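**Q** Before we start, here is the structure in question, set down as structure tokens.
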Amino acid sequence: MIEFRSVTKRFPDETVAVDDFSFTLPSHRTTVLVGSSGCGKTTLLRMINRMVEPTSGQVLIDDVDVASRDKVELRRSIGYVLQAAGLLPHRKVVDNVATAPVLKGVPKAQARAEALELLDKVGLDRSLADRYPRQLSGGQQQRVGVARALAGDPNILLMDEPFGAVDPIVRADLQLELNRLQRELGKTIVFVTHDIDEAFTLADQVIIFKKGGIIAQAGTPAQILAEPADDFVATFIGADKGKRDLHLQQRTGDQGLTLVVDGDGRPVGILDGAGSPAPGGPDPARGQVTRA
Amino acid sequence: MRWALGNLDLILGLTLNHVRLSVIPIIASLVLSIPLGWLANRNKTLRAVVITGGSLLFTIPSLPLFVILPLIIPTRVLDETNLIVALSIYGVAIMARSAADALASVAAPTLDASTAIGFSPAARFFRVELPLAGPVLLAGIRVVSVSTIALVSVGVIIGSANLGYLFQNGKQRGILAEVVVGILVSLLLALLFDLILVTLGRLLMPWNRGAGADGRLRTRPRRRAPAVAVGGAS
């Protein structure tokens, strides 16, 4: 459990990044902080591992104020994934993954063996272990970044726009992979992004920010989609333009396929099993939308 | 050629001494420049002091420096230590700027990431910053190496026995071959040192192989198996 207690951050140039922010992030869940740049979401994330110190207020992890813990030791106990992975260019993939355990004093051989297992876990071939980061594609680097954050089995993962620098196809792939990992591992994940679709894909809980770290709305993706709190949220999630309004369209030519079409008339998927007359086939009433 | 063959012992002795006189200042300037480079990256004032100071040091003519040094450090005028100290000063003058640039060349996001994943400040400096500054440090030390080998010759005027002796002696006695041998051996020495430095760089920075000056990958290093097995029972 990560708790923010009236946290304020004022930078030396008098910019207020976060103003009197209070919120509790539940354990073993993915909380996505989403908002445009400058809304203070990254500042909040970086307060958790003391990369940023609040001007006032407290951040607590399981009821312990992080300010009372040694910075370096605290950071080693929290997984951190950054945009463009932030891998060390002079270390091999396997040593990058093993960084935190080695810093904590785990014998190198043991840390490396565990690093290889983590490569399997994030879907990377072990043959990449002896490569240097820049010999990898952007997507592979990002997977190494996730593996590194998981090394040493931390309870908390902080992810700062980790998939922002990769192309949309790879990003979708990484999101799926993260969801799969999370089902398996049940970490407390704090994820920062400006992409609302990414937020809805990953989150158990979404916090949408206005400027200055003010919460526009917090809730599950379903709650936010069903009842946007105000016009700001509606605009942010694209509900105002009907982007998220879906309706069904029966196609005559394609064996009676039922298309799901969004507000702009673009097909977003097909209704699985709908219009299938075969007995014992999927029940149309329980059909599910397969995203295109 | 005949002159060289007849004086092999002299040439060898002078060369070895030349090497000894060069190696110490090269290493000293690398070691001393790193804390200076670190200081230069603390703030603008320190940067100006280190870099301007370095340039000023380099403008001191060598002869007066040899005369002044015995007054500052407890050596006699004709002591080789004066030469080593003077060459180290010139080396640091060049290297301070290189070291400042080298440490500044390390990407800020990489440093931020290192801190975020739990490097202590000291560990971050020695295990992330310094290694990543390596390529630019190497470029600087290669310049210092060539410059030091050239400058050692000047030491002959304070009685140091190095390859400079061949220039001086050859000129005084009108033996052109002796001067030519002096130049050639100095040149070869400089090339050899450079080769050693580049090889050391490749061994110590395997991650940097095939990278351009901007640190990006040009070609992916790939080892190719020999197509034909050579040899056999013969």
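The values are calculated or read from the model by the stated rules, or taken from the named source; none is laboratory data. The structure displayed is predicted, hence computed values, not measured ones. Every residue, glycine as well, gets a Cβ built from its backbone with ideal geometry; the counts of neighbours run over all protein chains shown. These accessible areas exclude ligands, DNA and RNA; they are computed on the full protein's heavy atoms, side chains included. Shrake-Rupley method; radii C 1.70, N 1.55, O 1.52, S 1.80 Å.
**Q** Can you confirm whether residue B:159 is touching a residue at least 60 places away in the same chain (Cβ under 8 Å) and either of a type outside the set (Gly, Ala, Ser) or more than 14 Å from chain A (Cβ to nearest Cβ) (or both)?
**A** yes
**Q** If you take just the strands (runs of 3 or more DSSP E) that sit entirely in region A:101-214, which of them hold at least 2 residues that are surrounded by fewer than 21 Cβ atoms within 10 Å (Cβ to Cβ)?
**A** Those strands (runs of 3 or more DSSP E) span A:205-210.
**Q** Can you tell me which residue within region B:31-50, out of those that are free of Cβ contacts under 8 Å to residues at least 40 places away in the same chain and in a helix (DSSP H, G or I), is nearest to residue B:90 (Cα to Cα)? Lay out the reasoning, then the answer.
**A** Filtering region B:31-50 for residues free of Cβ contacts under 8 Å to residues at least 40 places away in the same chain gives B:31, B:35, B:39, B:42-46, B:48-49.
If we keep only those that are in a helix (DSSP H, G or I) too, we end up with B:31, B:35, B:39, B:44-46, B:48-49.
On the way: B:31: 14, B:35: 16, B:39: 19, B:44: 23, B:45: 22, B:46: 20, B:48: 18, B:49: 16 Å.
Here the residue is B:31.
**Q** Identify, by number, the condition in (1) modelled with pLDDT of 90 or more; (2) part of a loop (DSSP other than H, G, I, E, B) that residue B:233 doesn't meet.
**A** Exception for residue B:233: condition (1).
**Q** Hey, can you tell me all the residues within region A:35-76 that are within 11 Å of another protein chain (Cβ to nearest Cβ), of a type in the set (Val, Ile, Thr) and open to solvent by less than 10 Å² (accessible area, probe 1.4 Å)?
**A** Residue satisfying the conditions is A:48 alone.
Condition check ((1) surrounded by 10 or more Cβ atoms within 10 Å (Cβ to Cβ); (2) farther than 28 Å from residue A:30 by Cα; (3) modelled with pLDDT under 80) across all residues:
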{"residue": "A:224", "(1), (2), (3)": "yes, no, no"}
{"residue": "A:228", "(1), (2), (3)": "yes, no, no"}
{"residue": "A:231", "(1), (2), (3)": "yes, no, no"}
{"residue": "A:256", "(1), (2), (3)": "yes, yes, yes"}
{"residue": "A:265", "(1), (2), (3)": "no, yes, yes"}
{"residue": "A:277", "(1), (2), (3)": "no, yes, yes"}
{"residue": "A:284", "(1), (2), (3)": "yes, yes, yes"}
{"residue": "A:287", "(1), (2), (3)": "yes, no, yes"}
{"residue": "A:290", "(1), (2), (3)": "yes, no, yes"}
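**Q** Taking the options B:136, B:154, B:143, name whichever one is in contact (Cβ under 8 Å) with a residue 24 or more places away in the chain, surrounded by fewer than 17 Cβ atoms within 10 Å (Cβ to Cβ) and under 24 Å from residue B:23 (Cα atoms).
**A** On inspection, the qualifying residue turns out to be B:143.
**Q** Consider residue A:83 carefully, then state whether it is open to solvent by 10 Å² or more (accessible area, probe 1.4 Å), under 30 Å from residue A:166 (Cβ atoms) and within 24 Å of the chain's Cα centre (by Cα).
**A** Judged against the criteria, residue A:83 is a match.
**Q** Given (1) without any contact (Cβ under 8 Å) to a residue 60 or more places away in the chain; (2) at negative phi; (3) open to solvent by 70 Å² or more (accessible area, probe 1.4 Å), where does residue A:24 come up short, assuming only one miss?
**A** (3)
**Q** Tell me yes or no: at least one residue of region B:2-9 is crowded, with 17+ Cβ neighbours inside 10 Å and in a helix (DSSP H, G or I).
**A** No, every residue in region B:2-9 fails to be crowded, with 17+ Cβ neighbours inside 10 Å and in a helix (DSSP H, G or I).
**Q** Restricting the first residue to region B:165-190 and requiring it to be open to solvent by less than 70 Å² (accessible area, probe 1.4 Å), which pairs with a second residue that is part of a helix (DSSP H, G or I) and charged (D, E, K, R) meet a Cβ separation below 6 Å and a spacing of at least six or different chains?
**A** Partner pairs satisfying both residue conditions: B:166/B:178; B:170/B:178.
**Q** Go through the residues of region A:102-124 one by one and say whether even a single one is on the phi > 0 side of the Ramachandran plot and either in contact (Cβ under 8 Å) with a residue 40 or more places away in the chain or of a type outside the set (A, V, I, L, M) (or both).
**A** yes
**Q** Which residue is farthest from the other protein chains (Cβ to nearest Cβ), if the candidates are limited to region A:77-96 and must be of a type in the set (Val, Ile, Thr) and part of a helix (DSSP H, G or I)?
**A** A:94
**Q** Right, another one. Would you be able to tell me the number of residues in region A:140-158 that are on the phi < 0 side of the Ramachandran plot and modelled with pLDDT under 90?
**A** The qualifying residues number 0.
**Q** Scan region B:33-45 and give yes if some residue there is within 14 Å of chain A (Cβ to nearest Cβ), aromatic (Phe, Trp, Tyr) and buried (at least 17 other Cβ atoms within 10 Å of the Cβ), otherwise no.
**A** No, region B:33-45 contains no residue that is within 14 Å of chain A (Cβ to nearest Cβ), aromatic (Phe, Trp, Tyr) and buried (at least 17 other Cβ atoms within 10 Å of the Cβ).
**Q** How many of the residues making up region B:57-69 are touching a residue at least 12 places away in the same chain (Cβ under 8 Å) and open to solvent by 60 Å² or more (accessible area, probe 1.4 Å)?
**A** Filtering region B:57-69 down to residues touching a residue at least 12 places away in the same chain (Cβ under 8 Å) leaves B:57-58, B:60, B:62-63, B:65-66, B:69.
Imposing the further condition that a residue be open to solvent by 60 Å² or more (accessible area, probe 1.4 Å) reduces the set to B:57-58, B:63.
The qualifying residues number 3.
**Q** For region B:94-109, which positions are surrounded by fewer than 19 Cβ atoms within 10 Å (Cβ to Cβ) and either assigned to a helix (DSSP H, G or I) or facing chain A (nearest Cβ under 7 Å) (or both)?
**A** Correct list: B:101, B:104, B:108, B:109.
**Q** Quick one: is residue B:119 more than 20 Å from residue B:21 (Cβ to Cβ), facing chain A (nearest Cβ under 10 Å) and of a type in the set (Phe, Trp, Tyr)?
**A** Taking the combined requirement at face value, the residue satisfies it.
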